[in-house]
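Have a look at the structure below, then the notes.
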């Protein structure tokens, strides 16, 4: 192939749209059983009206805006229509296990349906497959139930329980607001005080958030979260929850005990369940053979491509890790790849010295 795209969420579909218009041969590999990207796994009580940051894909708007429907259903249906409308060659379910260099400068993509050789790669695997679980002393002694928001299916399982929600992102707040309606008691703890943002989330705020994350990946540091950089919106529901005490933030506890959590001061909160709303990390294990990591722990980026290798693009990493920047990243990646592959020669010699380029930028 000219291009292999791994993943068909927002960023992958955006890349597919522009690749279809480019004239390049490409295939899209998605490990999920159906369209929808990470949205298909969102809990059913998260309605479209409450969901944070759903943006139209290029060339075809979402259209329906029934805020009462589950976001997982609406977005999955939209992504499915989009794939059909633009005849995108999505193969699923396909697991990509390994990507490595070939001697001629091309890339070998090992998958559950067989190997692909490609001149360029667009990786758009996002973060959903890698929920982050921090470790705290005593975690293994807790007698109650611990779960991550990746597995959260709604508040009913917490009915009548004393629940500690850990994490200051939008998902943690949304889950907490639901759980508080049915739980016996809730406690909200975060590592840092939440940043509340009044007024609408406008285009300028989105650009500022993306710029902060983009600066980190340019320096080879772990990207952090675009959504985290935007702050938490002060909706009417959030204001009411703050006034009622549901969104009263506590500092991070120091240890977990068999029956709850405890601070160094000696304060103890009883708990039947702990919900870890602690975010996700980039799902990039299959790219390990390419040795992309910089000394800072992240991957040094130049726009959408790995610094030193314009043939490997990462979408859904760093500034394109949310729908704020995914569409733009797909357009830029395909534009750059098209110019590269249509230049005199096929660029294989350039990829042959990729290792030297990465070493220089690292």
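The values are calculated or read from the model by the stated rules, or taken from the named source; none is laboratory data. Please read these numbers as outputs of a predicted model, since none were measured by experiment. Note: ideal-geometry Cβ built from the backbone for every residue, glycine included; neighbour counts use all protein chains shown.
Of note:
- Test: residue 325 is without any contact (Cβ under 8 Å) to a residue 40 or more places away in the chain and not in a strand (DSSP E or B): no
- Flag set for residue 12, criterion: crowded, with 23+ Cβ neighbours inside 10 Å, assigned to a helix (DSSP H, G or I), within 21 Å of the chain's Cα centre (by Cα) and at pLDDT 95 or above.
- Candidate set from region 247-271 (those that are surrounded by 19 or more Cβ atoms within 10 Å (Cβ to Cβ) and assigned to a loop (DSSP other than H, G, I, E, B)); member that is modelled with the lowest pLDDT: 247
- Note on region 286-313: among residues that are in contact with a strand residue (DSSP E or B) (Cβ under 9 Å, 6 or more places away or on another chain) and in a loop (DSSP other than H, G, I, E, B), the one that is nearest to residue 15 (Cα to Cα) is 304.
- Remark: residue 168 matches the filter, which requires a residue to be closer than 23 Å to residue 38 by Cβ, in contact with a strand residue (DSSP E or B) (Cβ under 6 Å, 6 or more places away or on another chain), at pLDDT below 95 and outside the structural domain of residue 286 (by TED's automatic domain parsing).
- For region 122-134, the condition holds for at least one residue, the condition being that it is modelled with pLDDT of 90 or more, over 22 Å from residue 169 (Cα atoms), outside any loop (DSSP other than H, G, I, E, B) and touching a strand residue (DSSP E or B) at 6+ places or on another chain (Cβ under 8 Å).
- Within region 89-109, the residues that satisfy the criterion of being in contact with a strand residue (DSSP E or B) (Cβ under 6 Å, 6 or more places away or on another chain) and touching a residue at least 24 places away in the same chain (Cβ under 8 Å) are 89, 90, 91, 94, 96, 97, 98, 99, 100, 106, 107, 109.
- The set of residues in region 140-155 being at pLDDT 95 or above and loosely packed, with under 14 Cβ neighbours inside 10 Å consists of 140, 141, 143.
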